[in-house]
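Okay, structure first, notes after.
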Amino acid sequence: MVLPPRFTPHPKSAPGDFYVVNGECLACGIPHVIAPDLIAWTGEGVPHCCWKKQPETQAELEQAIAVFEAQELDCHRYAGTDPVILDRILSTYCDYPTASRVDVELGDPQPPQFALLGPRNILARVWRTISGRKG
């Protein structure tokens, strides 16, 4: 890991770019099912998961990314800068997202346009005719 994590990893997590934020575990067990070789319970009185090892193979990386896709609390984080991984997970899970990803995801999206509700569509004209309104 080149850059430090932005949040405090659970102290029993394996050092590396993938971590779970200390104190932010729902103890749902979902990451354990998705990535049993990577995720473990800490063994403490209050259930909490941790990364028992960092992904080393492509199969393990796929499992790690699947954990991000399935998590409910956003407690699993990625503190690395690998562009391949950054492109595959949401920037909200990344401690150091690329500038282009942040701009795209945080930009002010245009509200959806519904053609049937526009001022010149057939439904608007019918409604104006029925209601006696002009314009």
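Net charge near P15: determine it from the other residues with C-beta under 12 Å of the C-beta of P15, scoring Lys and Arg +1 and Asp and Glu -1. Walk me through the intermediate numbers first.
Values: positive: K12, K52, K53; negative: D17.
Overall, the nearby charge balance is +2.
Placing +1 on the Cβ of every Lys and Arg and -1 on the Cβ of every Asp and Glu, with no other charges, gives region 18-107 a dipole of roughly 140 debye about its Cα centre.
Remark: relative contact order (region 18-107) = 28 percent; criterion is Cα-Cα distance under 8 angstrom and separation of 6 or more residues.
Every read-out reported here was derived from the displayed coordinates using simple, explicitly stated rules and does not represent laboratory data. If you're wondering where the values come from, they're calculated on a predicted model, not measured in any experiment. Every residue, glycine among them, receives a Cβ derived from its backbone with ideal geometry; neighbour counts consider all protein chains shown.
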